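Trainee: Below is the structure I would like to discuss, written out as structure tokens.
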Amino acid sequence: AQSVTQPDIHITVSEGASLELRCNYSYGATPYLFWYVQSPGQGLQLLLKYFSGDTLVQGIKGFEAEFKRSQSSFNLRKPSVHWSDAAEYFCAVGEAGVGKSTFGDGTTLTVKP
Amino acid sequence: DAGITQSPRHKVTETGTPVTLRCHQTENHRYMYWYRQDPGHGLRLIHYSYGVKDTDKGEVSDGYSVSRSKTEDFLLTLESATSSQTSVYFCAISDPTSGQETQYFGPGTRLLVL
């Protein structure tokens, strides 16, 4: 069965600092991978996705993620965090052809002024 | 934004009462999903549908049933609500058979079972 682990429940960074959110997955075949962001009381917004090809993918709001098959990881990065990036971030692995996803438990990002 | 609406957006009900949540899409996507979100658990799949009248269970399906009588609507029913079903419920759509593997989510329904 597929699974996703986000090892960091809560991360605090200073505004302007770089950010890396970790995601490890378990999946038998080539995974479809996603990062979503959720602001308090809101729905989920897709940041970026990886299906195949270039292992470094660019997303919205200046985020990027790198797929590393050897490490079963899909870490999310941003070079300079803004206060508006404070939110909860979810990594997910999708089942090809069915579309359903398994989500990690999320990482809450706090941004210090 | 994908055309997905959920109704109601908020509901308070009592233990033992039936509750039905509705998800409506305007994208004509074949697949629809119901997830629940609880603190510390991320999103967990309840049921999903891969076509009209075609549904399957997810990882947390006990106590829930679904129906899909037309492409645009996917209903989630709690036959007899329990306090453990207090949660935020999200509907999602995708169309992997047409190459649209990405799921798009609705705004969510907050359900409180007293």
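The values are calculated or read from the model by the stated rules, or taken from the named source; none is laboratory data. This is a predicted model, so every value here is computed, not measured. Using ideal geometry, Cβ is built from the backbone for each residue, glycine included, and neighbour counts are taken over all protein chains shown. Quick note on the areas: whole protein, heavy atoms, side chains included, nothing else; ligands and nucleic acids left out. Shrake-Rupley method; radii C 1.70, N 1.55, O 1.52, S 1.80 Å.
Trainee: I need the full set of residues from the stretch B:67-104 which are within 14 Å of another protein chain (Cβ to nearest Cβ) and acidic (Asp, Glu), in order please.
Mentor: Scanning the stretch B:67-104 gives B:Asp95, B:Glu101.
Trainee: Let me ask you something else. Looking at (1) modelled with pLDDT of 95 or more; (2) part of a strand (DSSP E or B); (3) not polar (S, T, N, Q), which one does B:Gly16 not meet, given that it meets all the others?
Mentor: Tallying (1) modelled with pLDDT of 95 or more; (2) part of a strand (DSSP E or B); (3) not polar (S, T, N, Q), B:Gly16 fails exactly one: (2).
Trainee: It is to be established whether one or more residues within the stretch A:75-91 are under 23 Å from B:Gly58 (Cβ atoms) and polar (S, T, N, Q). I'd like the intermediate steps shown before the answer.
Mentor: Going through the stretch A:75-91, the residues under 23 Å from B:Gly58 (Cβ atoms) turn out to be A:88-91.
From what is left, the residues that are polar (S, T, N, Q) are none.
Among the residues of the stretch A:75-91, not one is under 23 Å from B:Gly58 (Cβ atoms) and polar (S, T, N, Q), which makes the answer no.
Trainee: Let me ask something additional. For the stretch B:42-86, how many residues meet the condition of being farther than 23 Å from A:Gly94 by Cα and buried (at least 18 other Cβ atoms within 10 Å of the Cβ)?
Mentor: Result for the stretch B:42-86: 3.
Trainee: Among all residue pairs at least 6 apart or on different chains, which show Cβ distances below 9 Å where the first residue, located in the stretch A:78-93, is under 15 Å from B:Tyr104 (Cα atoms) and within 14 Å of another protein chain (Cβ to nearest Cβ) and the second is of a type in the set (D, E, K, R) and open to solvent by 10 Å² or more (accessible area, probe 1.4 Å)?
Mentor: Pairs that qualify, where the first residue is under 15 Å from B:Tyr104 (Cα atoms) and within 14 Å of another protein chain (Cβ to nearest Cβ) and the partner is of a type in the set (D, E, K, R) and open to solvent by 10 Å² or more (accessible area, probe 1.4 Å), are A:Phe90/A:Asp105; A:Cys91/A:Arg22.
Trainee: Restricted to the stretch A:7-48, and to residues that are in contact with a Ser or Thr (Cβ under 9 Å, 6 or more places away or on another chain), free of Cβ contacts under 8 Å to residues at least 40 places away in the same chain and not in a loop (DSSP other than H, G, I, E, B), which residue is most open to solvent (accessible area, probe 1.4 Å)?
Mentor: My answer is A:Gln45.
Trainee: Please enumerate the residues belonging to the stretch A:85-104 that are over 16 Å from A:Leu46 (Cα atoms) and not β-branched (Val, Ile, Thr).
Mentor: A:Glu95, A:Ala96, A:Gly97
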